[in-house]
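Structure first, then comments.
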Amino acid sequence: MSRYSAWAVFKNGLSGQKSWERAWRDPEPKTHYDIVIVGAGLHGLATAYYLAKNHGLKNIAVVEKGWLGGGNAGRNTTIVRSNYMMPGNRQFYEHSLELWEELSHELNYNVMFSQRSHVSLLHSPAARDAAARRYNTMRLTGSDGELWSLETLKSEIPHLNYDNARFPIIGAAVQKRAGSARHDAVAWGYARAADQLGVDILQNCEVTSVTRDADKATSIETSRGTIKADKIGFAVAGNTSRLWQMAGLGRLPIETHKLQAFVSEPLKPLLDQVVVFGVGGAHFYISQSDKGGMVFGGDLDWYKSYAQRGNLPIVQDVAECATSIMPCLGRVRLLRHWSGVMDMSMDGSAFICKTPINNLYLNAGWNYGGFKASPASGWYFADLIANDRPHDTIAHMDIKRFERGVMIDERGAGPDPKLHG
Ligand SMILES: Cc1cc2nc3c(=O)[nH]c(=O)nc-3n(C[C@H](O)[C@H](O)[C@H](O)COP(=O)(O)OP(=O)(O)OC[C@H]3O[C@@H](n4cnc5c(N)ncnc54)[C@H](O)[C@@H]3O)c2cc1C
């Protein structure tokens, strides 16, 4: 397959754009693969890519019940940041941000990663102290982070509600290397790059059961037939508990919740950062897409469900947050809103780990935050599957941490999945 380049754009322009090749193949399922990854979201596709690229493995398939990138991969608000503080999380998300910085070149696909700054608004001296601790920890461990005074914030983002806010703004915690990316492009980029390395991406191929022989998974039943596999990895986000039960493993410390996202009609350039507002029960994040739409979201829908649609009270809640922090949005029309299914863990952190079945591996529990994690998640999940042992960086991301009583509770919110946004 040819590389994308300025020359290729020029050459295809001369032939009326008719000579572009397919971005990835549409193969028939084989009866056996060395490795099968279930779920062609960002984590599954990235895993397949790094299995082939970093570990030189062949005979890999990604099976997807719908179309690739049709789950949370294509439904998120695309915020990328690494302002995590807990040991383990800190290193993991920083590695992920470093991978983001090179991703377009790595994949030969423009994922439109825009390091436009992530700005968390601060509303009290206590919040500023907590942010100072977090952002100093980030700086001490090789990342970037800074605190902005109110004056700096006003000059950088003039349109916020500085005069009449229910919670007055006193400054902001900022990570300048953070930003946003084009979610579809990330899925397409990983898919194309994995396909080039020989990975079969099998769409419209739903896994309906997992066949076991004692402590080994031998095959999966799919809507396109039986597929035998030496190793199987689950990367199915909000459907993790369903797959876990298909494997006969009972219950997981995960709940499935819905999260909505919203986009407005396109506007002229208004906001050149990702802004986060979270105080007094409010939770709101907003950025402007390259097409001009204001992209924003808020809290979970507050009840468990596998349905990929949201409820109206959250629409009102998010609209109230929007107008409270950016009153200038009051007359802007909403273009679309949609929902994805979140795999919410009890402590808000993820799982990349082995399972009680010897050749079955789990990648799950990304909550609201798996978009930013996807490059490192694929990188470490591939490493785990290839070497059959966790890398030091993800050794703490196992389900047994609940047996050990060692949570990775980044927000200090306690064992309630709904609160780990
Ligand atoms: C509204 C919203 C906003 C978000 N905002 C952000 C954000 O700003 N920043 C951030 O970092 N994260 C964000 N997230 C979270 C992020 O999108 C997810 O954590 C991440 O995409 C999950 O990983 P994934 O891409 O692999 O999941 P998915 O794309 O959901 O992939 C899982 C795939 O598994 C497939 N599957 C399920 N069951 C089966 C089966 N039985 N057989 C075969 N295939 C199956 C599904 O069809 C799906 O395609 C947001 C999520 C949502 C919904």
### Summary
Semi-axes (Å, rounded, descending) of the ellipsoid equivalent to segment 114-212 per its C-alpha gyration tensor are 41, 17, 16
### Summary
Total charge of the residues flanking residue 308 in space, meaning their Cβ is under 13 Å from its Cβ, with Lys and Arg +1 and Asp and Glu -1, is +3
### Query
With labels modelled as points extended 7 Å from the Cα through the Cβ direction, what inter-label distance (nm, one decimal) is found for residue 67 paired with residue 228?
3.4
#### Entry: Accessible surface of the chain [probe 1.4 Å, protein heavy atoms]: carbon and sulfur percent
52
### Query
Say a site is exposed when it is one of the chymotrypsin sites (Phe, Trp or Tyr not before Pro), sits in a DSSP loop, and has at most 15 other Cβ atoms within 10 Å; what is then the longest site-free stretch of the chain?
163-305
#### Entry: Candidate aspartates and glutamates - alpha carbon under 13 Å from residue 304, same-chain residues fewer than 8 apart omitted
255, 343, 416
#### Entry: Relative contact order of segment 272-421, pairs being alpha-carbon contacts under 8 Å that are 6 or more residues apart, as %
20
### Relative contact order of segment 161-280, defined on C-alpha pairs under 8 angstrom at six or more residues apart (%)
15
### Task
Compute the projected area of the convex hull of the Cα atoms of segment 346-385, averaged over all viewing directions, and report it in nm² to one decimal place.
3.0
### Query
What do you get for Rg/Rh of segment 224-378 when both radii come from the Cα atoms and Rh is the Kirkwood radius?
1.06
### Message
Run the numbers for residue 323 and residue 251: contour at 0.36 nm per residue of separation, minus the present Cα-Cα distance, in nm.
### Response
21.8 nm
### Query
Excluding ligands, DNA and RNA, what is the solvent-accessible area per residue of segment 161-310 at a probe of 1.4 Å, expressed in Å²?
40
### Query
Around residue 304, which amide H atoms from residues at least 5 apart in sequence, or from another chain, sit under 5 Å from its own amide H, with H modelled in the peptide plane?
none
### Query
Roughly what angle does helix 125-140 make with the longest principal axis of the chain, taking Cα atoms, 0 to 90 degrees, to the nearest 10?
50
### Query
Hey, what does the equivalent ellipsoid look like for the chain, semi-axes from the Cα gyration tensor as sqrt of 5 times each eigenvalue, largest first, whole Å?
35, 26, 20
### Task
When a/c is below 1.5 the answer is rounded, else prolate if a/b is larger than b/c, else oblate, so apply that to segment 1-87 with a ≥ b ≥ c taken from the square roots of the Cα gyration tensor eigenvalues.
oblate
### Message
Restricting to Cα pairs below 8 Å that are 6+ residues apart, what does the relative contact order work out to for segment 130-210? Please round to a whole percent.
### Response
26
### Task
Please work out the ratio of the alpha-carbon Rg of segment 1-145 to 2.2 N^0.38 Å and round it to two decimals.
1.38
### Task
Give me D for segment 298-421 in µm² s⁻¹, whole number, from Stokes-Einstein with Rh from the Kirkwood sum over alpha-carbon pairs, 37 °C and 0.692 mPa s.
196
### Message
From the phi angles alone, apply the Karplus equation (6.51, -1.76, 1.60; θ = phi - 60°) to segment 214-225 and give each ³J(HN,Hα) in whole Hz, x where the residue is Gly or Pro.
### Response
6, 9, 10, 8, 9, 7, 10, 8, 10, 5, 10, x
### Query
All other residues with a Cβ under 13 Å from the Cβ of residue 128 taken together, and with Lys, Arg as +1 and Asp, Glu as -1, what is their net charge?
0
### Message
Give the average over all directions of the projected area of the C-alpha convex hull of segment 265-304, one decimal, in nm².
### Response
3.7
### Query
Tell me, how many Å apart are the Cα centres for segment 232-270 and for segment 21-35?
25
### Query
So which of 258/400; 176/231; 18/268; 53/291 end up more than 30 Å apart by C-alpha?
176/231; 18/268; 53/291
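The values are calculated or read from the model by the stated rules, or taken from the named source; none is laboratory data. Quick caveat: nothing in here was measured; it's all calculated off a predicted structure. A quick note on method: Cβ atoms are made from the backbone with ideal geometry, for glycine too, and the neighbour counts reach across all protein chains shown. Protein only, heavy atoms only, side chains kept; ligands, DNA and RNA dropped before computing areas. Shrake-Rupley method; radii C 1.70, N 1.55, O 1.52, S 1.80 Å.
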